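Heads up: the structure comes next, in structure tokens.
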Amino acid sequence: VRQLEHLDVFKDLICPQNPDGLHRGTLMWKSYYDSIHPEVEPLPFQWDKRLTAFQRLLLLKCMRPEKFPTAAKIFIGDVIGTKYTDQNHYTPFDIGQAGIEASALKPVMCLHVQGSTAVEEVMNYIKKSNMIRETEFISLGQDTEEKTLRIVKSACVGGQWVLVQNAHLGSHWISKIMNLLDGLAYPPGIEPPNPYSWQKMRRLQPENNNQTITGIHSRFKLLMTAPITCVLPPSLVQRCTRFVQEPPKDIRSALLKAAEEFRSESRARNRVLSPTLLRMALFHALIAGRRKFGTVGWVLPYHFSRVDFNITKKLFVNHLATVTEGYDEPLPESLIYSVADIVYGARAVEEHTRTCLTLLLSHCFPEMSVGEARLHLSVEKFIPQTLANPSEGGISMTVFQQHIKGLVFTPDRAEVYGLHENAEIRLMQTQTTHLFESLLQIEPRLRDAGDYTNIDLRTIERMVTQLENTLPRIFNLDLVRDEKLKPDLEPKAADANMSPVQPKRPERGGGKKSKLMKKRATREYIISQQESKTNAKRKESILEDAEDEEIDLESSYRQLLLQKAASAQDANNNLGIVGGLALVCMRECEFFNHLLKVVKDQLFELRAALRGNILMSEPLERCAAALLKGQVPELWVRTGFAATLKISCWMSDLQLATAFFHSWLKRGPSNPPAVLHIPAFQFPQALLGAIKQTHGQQKQISISNIALKGYPAGEAKDMQEPAEEGCYLAGLWLEGAAWDRGGQCLMEPPPRELYSAMDMIWMRPVETQEHSDPTMVSQLLIESDDYTCPIYRTVQTTAQAKNVWSRQLITYVELPMGLDSHSHWVKRGVSLLCGNTEETGSD
């Protein structure tokens, strides 16, 4: 809010002496800040009369940024009209309008986003134009250049249409098609018109469809499809009539679009809709709409597309052809499995996602009995039974459209999808962030340090100084290795005159230290050779004894190896050789040393570039631009951990992690703290593996027969001693729910609390059957008395989660559910996170 002080109209708001400002009018402003709908609430102290509508938007953006999208819609509706923001003004897109604007020399380019397909719309347009038999279909790929050019040239002369799919796969040569059209339309000696003046080119088009333009039939049309994220030649894009095919953004629009499609089907030619197909469309709208709520909607941004919808529609049409449709008609188990586990479930990588799909399907078809399937709003709100007309055998198209457009509640609230209302805050925060990131990206890029203003230069240099002062110190691992490995270098009985050698790294160029390291390596090699010879002699003695006595050679030799391994383990324990947890600690410290070195070097180079001592390279330019925007530079993210935070929160997490490992090293790598701060570990799976390895060595159990079971164990501040078995983990945060410390169970989170602090978790190793997978939770998702909650490494937004490992599933823990059922928390998307949020970073 203090940034608004640069505007004259807001100076009184920040002034401490003003009774109407934030300092002296705290109670009134806090009441406005805590209101449910601040975008429509009047400002305190009649500030509405002092500010314009746009200035009020600025104030709301600073105080409640998650409400900015809603306020922006109100602002747009007041300025240019509500038809641009009202969802009731949905009109299906007609590709025919783009086809009318197209011509023989002006192709149609259909761009589609993830979750939609352009081929279906184009095919419907071709069928309506009665050109299906005169259309050539080409899908670009490898070695399709000559074939495509030959087909296009033939269609130009004969007046056929050509549909080129996946145009982005031939982006390096597809401009040859335009050159071919220009060559046929304008022979040598005739200069083509300006490509930016298409009105002149349209005058050259003959009105008679049977005429040609100097080699091109006027009926010829070129249609192309490509994803919106592809890179195409600018000359091709400028010559095309372009439109973007996007999936519906809300349930209301999705149902209206599905109704339009069903009306054109064979079962809806008399303008009667099937209630079962409408429920199926509602199911697709629910699972597609959950993706916009981020990780609480789906663990990963699954792109359930129109292809899945069309396959499911065919399955339901085949099912309805064999039964009599009715509201109480149950679905067969084969159909449920085909839809939830095969069509849509094939994209899911976790059992929680497949279970949630089944629960949402049961919500749309209440006659299914799978867990507790009711959501906040019943399916009757969207497709009530009273709409069906038994005499017509379905629901009238006109009646259904009027019902959907006249819904009094907001059909896109989080409760409709089975989520908590706090999920809407996360959605609006993401929308606000993407909006302003787009505004920043369209600004002109800065090329070198001379393009920065003096204010920007001083701001960046001040940030560099602050970051260098707050940067944690590097771990002295050489000193730790010397102290902890020193007992291993004591002289043997045969080498009593040899002095101990410190395990330093050899230096380049030789020297005394390098010679000592060579001596140490030679001595260890000699000792290992002597031990191998001793083992060989013992094996020979066993074979000689076997000739005289009948004994089991394999069991005897195996017993000898076990005795040797036990003696070696005892020797290692006595010598203080580091164990599994100590190795994890050392590897984490090495990771942070590398990250700190990269950060320190880039800050040093950036300071030199700002002062003109070195050239401002492109990586340094991106680093300066990121710091100026309060973001984490790209190189730091690639080297370190994920950056879903601002630079201040990222640095705070870095300081907390390094402080934890500094305290561990003071105790000694082999003496971990009583409670382990799991957000500090960049690879927590190694920590859990070390715990199982340590338990297996103590109990003489194979690590494949050990599983870790997680249980809540109270607050971390009350724990002073480490666990007898396993370890205690702290620093976890609940997403989608809150933890009731009194009842020791899950509960609904308070309003506007996106992440709730979780109690300490006791990871206890238990013995399982051989070859059992402890992470398989499909059998526990419905029948278990406790909620099988997954633990993820990071928080990733939809735009940042690019692959299935982006959230890094660590393990599962068992949490008591309280009064709610397991299916309730599955639909809520409840999970445990290892920090890395703005809330945790600031604490």
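The values are calculated or read from the model by the stated rules, or taken from the named source; none is laboratory data. Since this is a predicted model, take the numbers as computed values, not measurements. For neighbour counting, all protein chains shown are included, and Cβ atoms are generated from backbone atoms with ideal geometry for every residue, glycine included. Each accessible area value is taken on the protein alone, full model and side chains, heavy atoms only, with ligands, DNA and RNA left out. Shrake-Rupley method; radii C 1.70, N 1.55, O 1.52, S 1.80 Å.
Under the rule of at least 5 residues apart or a separate chain, name every residue whose amide H is placed under 5 Å from the amide H of SER139.
Under 5 Å from the amide H of SER139: GLN165.
Could you give the nm distance between label points at VAL766 and ARG133, where each point is 7 Å from its Cα heading toward the beta carbon?
A separation of 7.0 nm, rounded to one decimal place.
Would you mind checking which residues have amide H under 5 Å from GLN631's amide H? H placed 1.01 Å from N; only 5 or more apart, or other chain.
ILE647
What trypsin sites (Lys or Arg not before Pro) does region 679-753 have in DSSP loop regions with at most 16 other beta carbons within 10 Å?
Taking region 679-753 and a limit of 16 other Cβ atoms within 10 Å, the loop trypsin sites (Lys or Arg not before Pro) found are ARG741, ARG752.
Need the full-extension length gain, ASN310 to GLU468, defined as separation in residues times 0.36 nm minus the C-alpha distance. One decimal, nm.
51.3 nm
So how far apart, in nm, are the two label points at SER235 and GLU715 if each is 7 Å from Cα heading toward Cβ?
Once both label points are built, they end up 7.1 nm from each other.
Along the Cα→Cβ direction, 7 angstrom out, place labels at ARG150 and VAL40. What is the inter-label distance in nm?
6.5 nm
Report the full-extension gain for the segment LEU27 to ARG587: residue separation times 0.36 nm, less the Cα-Cα distance, to one decimal in nm. Can you show the working numbers first?
Working: separation 560, 0.36 × 560 = 201.60 nm, distance 5.08 nm.
Value of the extension gain: 196.5 nm.
Determine, for each peptide in 596-605, 273-282, the mean count of other beta carbons within 10 angstrom over its residues, then list the peptides with the highest first.
Values: 596-605: 16.1, 273-282: 23.0.
Going by the mean number of other Cβ atoms within 10 Å, highest first, we get 273-282, 596-605.
Mind giving me the FRET efficiency for LEU615 and ARG667? R0 is 45 Å, r the Cβ-Cβ distance, nearest 0.05 is fine.
It comes to 0.45.
Roughly how many whole Å is it from the C-alpha centroid of region 19-60 to that of region 633-707?
Result: 45 Å between the Cα centres.
Each residue of region 678-687 in turn: what ³J(HN,Hα) in whole Hz from Karplus with 6.51, -1.76, 1.60 and θ = phi - 60°, glycine and Pro shown as x?
5, x, 6, 7, 7, 9, x, 4, 5, 4
What figure in square angstrom, to the nearest 10, would you give for the accessible area of MET397 with a 1.4 Å probe?
0 Å²
Given a Förster distance of 35 angstrom, what is the FRET efficiency for LYS249 paired with THR639, based on the Cβ-Cβ distance and rounded to 0.05?
Working: r = 37 Å, r/R0 = 1.05.
After rounding to 0.05, the efficiency reads 0.40.
Among ARG462, ARG64, what's the order by accessible area (1.4 angstrom probe), most exposed first?
Descending accessible area places them as ARG462, ARG64.
Cα-Cα over 18 Å: which of LYS249/LYS405; LYS249/LYS292; LYS292/LYS405; LYS11/LYS49; LYS61/LYS292; LYS83/LYS405?
Those over the limit are LYS292/LYS405; LYS61/LYS292.
Could you calculate the FRET efficiency of HIS434 with ARG752 from 1/(1 + (r/R0)^6), where r is the beta carbon distance between them and R0 is 25 Å, rounded to 0.05?
Values: r = 21 Å, r/R0 = 0.83.
Given R0 = 25 Å and the Cβ-Cβ separation, E is 0.75.
How much solvent-accessible surface does ARG611 expose, in Å² to the nearest 10, with a 1.4 Å probe and all protein chains in place?
140 Å²
Using θ = phi - 60° and the Karplus form 6.51 cos²θ - 1.76 cosθ + 1.60, what ³J(HN,Hα) does each residue of region 247-260 get, whole Hz, x for Gly and Pro?
Calculated HN-Hα couplings, in order: x, x, 8, 8, 5, 4, 5, 5, 5, 5, 5, 5, 5, 5 Hz.
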